[in-house]
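*Asks:* The structure is given below, and queries will be raised subsequently.
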Amino acid sequence: MRRLFLCLLAFLLTTLPTLAEPVKGSLLIAGGDFRMDNPGWPRLVELAGGKGATILVLPTGSGDPVGSGGRIVDHLRGLGADALLLPLAEKGFVRSPADIVTDPVWIDRARHAGGFFLVGGDQSRYTAVLLGPDGSDTPLLAAIRAAHAGGAVIAGSSAGAAIMSATMIKDAPETLDLLATGPVAGRTLGPGLGFIGPDWFVDQHFLARGRFARTLVAMDTAGYKRGLGVDENTALIIRERKMAEVVGASGVVVIDTRPARRSPGWPFAQTGIVLSLLRDGDRLDLASGTVTPGPARADAPILPAYPGFEPDPELPATLATGDILAPWQFGRLMAQVLESRKGEATGLAFDAADPARRPAFRMRLTRRADSRGWAGDGITVLNLTMDITPVRMADPLFRPLRP
């Protein structure tokens, strides 16, 4: 009875503050392959409270929770944090997840922690142990939310990033199948943990794995109008759900479908999608959409609509790709469209082995009157439009050249 009383008390103490207070904490959303030399790691320690700050590492999503979680604990300790491995996983630890999420000791540690790091792996493992059978928060998750509301940082990479939105992709089919027939009921999408709030959808490994198309389908299905696609070895730091900053080598794609038109049914067809690509140091106001370039590129604007704009002479007159879903292809194409003479590019997504077996898709990127950017170590791109149109490829796709 005493243990039950303590659990109920801990649940009430960790839940009630979050109902009344705004979120004061930060998020650090890493897109996967978050390398140890990424500047996001010391930023995580700083956000948690600096040297000596307590950071709980949750290895729940990993296939090797003890090993992967232990390496991150060691790395954070090397940066000055008081990092602890929270033994919350289906394997590798003596105690069961059901025991840990109701343990008053761990609940108290979570409530007073300065930060949390969610290890990559399978995002469904997080929701399986941190949410109850009815979808409600376990006492441990309630404590994490309370700490975050009070100022603690919640960070995660890959699977730890996927759970940031209230709805997440948990087991997506192949992208072409997803575009052709839509999500598989009960499998493709599932509840996330919603740390970012109700308005934004989050996906990861974004440019490295050509995930923009699957993200658009997921956003459409779940009713989101704005999305964030975080690439590998890149972090997006969000303070108090208001201001976001990109940290890392690759970039973050901002998706806005509020002005877009979605044709009903399947295959997937949508026009007027607005896309931007942010780079290291760039800042995004989540409410207004205003982007402030990082200091490394602020003095090198790219303004295609202004007199004196000079296109990149090394770019071909016609921009096109036969596989727009290929690794990093989408990000390269966005930068090329901004700097090109015509300001447009066409990409295809189709089954090269059997082009007529299922629908293919033409994706057209177009520069707008308000498109602009900044040059530096990677090009920031603002306000391109993308249209996705289902098409039928020829069968056979090609014929031998006859002399």
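*Asks:* Which of P198, P59, P39 ends up with the largest GNM mean-square fluctuation for the chain, with Cα atoms connected below 10 Å?
*Replies:* Taking springs between Cα atoms under 10 Å, the residue moving most is P198.
*Asks:* Also: Let me have the relative contact order for the chain, percent, based on Cα pairs under 8 Å that are six or more residues apart.
*Replies:* Working: 964 pairs, mean separation 57.6, N = 403.
Rounded, it is 14 percent for the chain.
*Asks:* Quick one: with all protein chains in place, what share of the accessible area of region 175-289 is carbon or sulfur, to the nearest percent (1.4 Å probe)? Don't skip to the end; give the middle numbers.
*Replies:* On the way: 1840 of 3800 Å².
With neighbouring chains kept in place, the figure for region 175-289 is 48 percent.
*Asks:* Roughly how compact is region 307-371, stated as its Cα Rg over 2.2 N^0.38 Å to two decimals?
*Replies:* Working: Rg = 13.6 Å, N = 65, 2.2 N^0.38 = 10.7 Å.
Rounded to two decimals, the normalised Rg is 1.27.
*Asks:* Would you please classify the overall shape of the chain from the alpha carbon gyration tensor, given that a ≥ b ≥ c denote the square roots of the eigenvalues, rounded means a/c under 1.5, and beyond that prolate means a/b larger than b/c while oblate covers the rest?
*Replies:* Values: a/c = 2.19, a/b = 1.63, b/c = 1.34.
Here the chain falls in the prolate category.
*Asks:* Subtract the Cα-Cα distance of E174 and R258 from 0.36 nm times their separation in residues, and report this length gain in nm to one decimal.
*Replies:* On the way: separation 84, 0.36 × 84 = 30.24 nm, distance 2.60 nm.
Answer, rounded to one decimal: 27.6 nm.
*Asks:* A320's amide H: which non-local residues (gap 5+, or another chain) put their own amide H closer than 5 Å, with H modeled 1.01 Å from N in plane and none for Pro or chain starts?
*Replies:* T346
*Asks:* With every protein chain in place, what's the accessible area of Y306 (1.4 Å probe, Å², nearest 10)?
*Replies:* 140 Å²
*Asks:* Identify which of G70, G135, G120 has the largest mean-square fluctuation in a Gaussian network model of the chain, with springs joining Cα atoms closer than 10 Å.
*Replies:* Largest GNM mean-square fluctuation: G135.
*Asks:* Here's another thing I want to ask about it. Of all trypsin sites (Lys or Arg not before Pro) in region 202-242, which ones are in loop regions per DSSP and have a Cβ with at most 15 other Cβ atoms within 10 Å? List each step's numbers first, then the result.
*Replies:* On the way: sites: R209, R211, R214, K225, R226, R239, R241, K242; in loops: R209, R211, K225, R241, K242.
Listed in order of number, the matching sites are K225, K242.
*Asks:* Express in nm, to one decimal, how much length is gained between H75 and T389 on full extension, taking 0.36 nm for each residue of separation and deducting their alpha carbon distance. Display every interim value, and only then the final one.
*Replies:* Details: separation 314, 0.36 × 314 = 113.04 nm, distance 4.62 nm.
Between H75 and T389, full extension yields 108.4 nm more.
*Asks:* Here's a follow-up. Please report, in Å, the Rg and the Dmax of region 79-188, where both are computed over Cα atoms only.
*Replies:* Just the Cα atoms of region 79-188 yield Rg and Dmax of 15.7, 49 Å.
*Asks:* Using the charge dipole of the chain (Lys, Arg: +1 at Cβ; Asp, Glu: -1 at Cβ; taken about the Cα centre), state which of L131, L278, G50 has its Cα farthest towards the positive end.
*Replies:* Among L131, L278, G50, the one farthest towards the positive end of the dipole of the chain is L131.
*Asks:* Here is a further query. With the contact rule set at Cα under 8 Å and sequence spacing of 6 or more, what percent relative contact order holds for region 227-276?
*Replies:* The value is 31 percent.
*Asks:* For region 277-389, what relative contact order do you get, as a whole percent, if you take Cα pairs closer than 8 Å and at least 6 residues apart?
*Replies:* Numbers: 194 pairs, mean separation 32.4, N = 113.
For region 277-389, the relative contact order is 29 percent.
*Asks:* Could you do me a favour and compute the accessible area per residue for the chain, 1.4 Å probe, result in Å²? Write down the numbers at each step before the final one.
*Replies:* Working: 17400 Å² over 403 residues.
Dividing the accessible area of the chain by its residue count gives 43 Å².
*Asks:* Report, in debye and to the nearest 20, how large the dipole of region 334-403 comes out about its Cα centre when Lys and Arg carry +1 and Asp and Glu carry -1 on their Cβ.
*Replies:* Values: 12 positive and 8 negative charges, 64 e Å.
My answer is approximately 300 debye.
*Asks:* With every atom except the alpha carbons ignored, what do you get for Rg and Dmax of region 141-239, in angstroms?
*Replies:* 13.6, 44
*Asks:* List the pair-distance distribution P(r) of region 358-403, using every Cα-Cα distance, as the percent of pairs falling in each 10 Å bin from 0 up to the bin containing the longest distance, rounded to whole percents.
*Replies:* Histogram of Cα-Cα distances, whole percents per bin: 20, 28, 22, 21, 9.
*Asks:* What number does region 246-361 give for Rg over Rh if you use C-alpha atoms and the Kirkwood radius? Let's see the in-between values first.
*Replies:* Details: Rg = 16.7 Å, Rh = 16.7 Å.
That ratio equals 1.00.
*Asks:* Still on this model: To the nearest 20 Debye, how big is the dipole of region 21-152 about its Cα centre, given +1 on the beta carbon of each Lys and Arg and -1 on that of each Asp and Glu? Before the final figure, lay out each step's value.
*Replies:* On the way: 12 positive and 14 negative charges, 55 e Å.
Value, rounded to 20: 260 debye.
*Asks:* Find the all-direction average of the projected area of the Cα convex hull for region 273-330, expressing the result in square nanometres with one decimal place.
*Replies:* Details: hull surface 25.5 nm².
In nm², the orientation-averaged hull projection of region 273-330 is 6.4.
The values are calculated or read from the model by the stated rules, or taken from the named source; none is laboratory data. Computed from a predicted model, the values in this text were never measured in an experiment. A quick note on method: Cβ atoms are made from the backbone with ideal geometry, for glycine too, and the neighbour counts reach across all protein chains shown. We work out accessible area using only protein heavy atoms, side chains counted, and drop any ligands, DNA or RNA first. Shrake-Rupley method; radii C 1.70, N 1.55, O 1.52, S 1.80 Å.
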